[in-house]
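K.L.:
One structure follows; several queries about it will come next.
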Amino acid sequence: MKLLIMYDISDDRRRTKVEKLLASYGYRVNYSVFELDIKKRDYRKLIDKLRQISNQKDNIRVYILNEEVIKKSFCLHTSQGVFRNEELYF
C-alpha cells in the first residue's frame, strides 16, 4: 500500500515525533511530505500512532495511492522515494 503523507504542525515536539515516525516507514520527499510503501497492518498501526501524537490543531493529510495514480506520477529531478516511473504522463 503506497501512501503520500503531508503535515503542518506548529509544535516542535509533536512535529519531531511525527517526522521520526514517518521516517521509520518511508522516504522524506519534501520538508513535510513523506512517501510510504507499507503493509495494511502497518498502515493501521501508523494511523493509530499519528492520532496519539497529534492533536486537533495539527493538519496531517494521508493520501492512499492506487496503481493508476502511481502510473501517472513522476519525479522531475530526483529518483528517491516510492515513485519509480520517471516518464512524463500525458
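The values are calculated or read from the model by the stated rules, or taken from the named source; none is laboratory data. Every value quoted in this text rests on a predicted model; they were computed, and no experiment measured them. Here the Cβ is made from the backbone with ideal geometry for all residues, glycine too, and neighbour counts use every protein chain on show.
K.L.:
Please work out if LYS17 is among the charged types (D, E, K, R) and buried (at least 16 other Cβ atoms within 10 Å of the Cβ).
P.N.:
yes
K.L.:
Which number in (1) touching a Phe, Trp or Tyr at 6+ places or on another chain (Cβ under 8 Å); (2) more than 16 Å from TYR7 (Cα to Cα) marks the one condition that ARG28 misses?
P.N.:
It is condition (2) that ARG28 fails.
K.L.:
Looking only at the stretch 58-72, count how many residues are at pLDDT below 95 and among the charged types (D, E, K, R).
P.N.:
4
K.L.:
Tally up the residues in the stretch 12-35 that are at pLDDT below 95 and either out of contact with any helix residue (DSSP H, G or I) (no Cβ under 8 Å at 6 or more places or on another chain) or aliphatic (A, V, I, L, M) (or both), please.
P.N.:
6
K.L.:
Let me ask another. Can you name every residue in the stretch 4-55 that is assigned to a helix (DSSP H, G or I), closer than 28 Å to PHE74 by Cβ and hydrophobic (A, V, I, L, M, F, W, C)?
P.N.:
Residues satisfying the conditions are VAL18, LEU21, LEU22, ALA23, LEU46, ILE47, LEU50.
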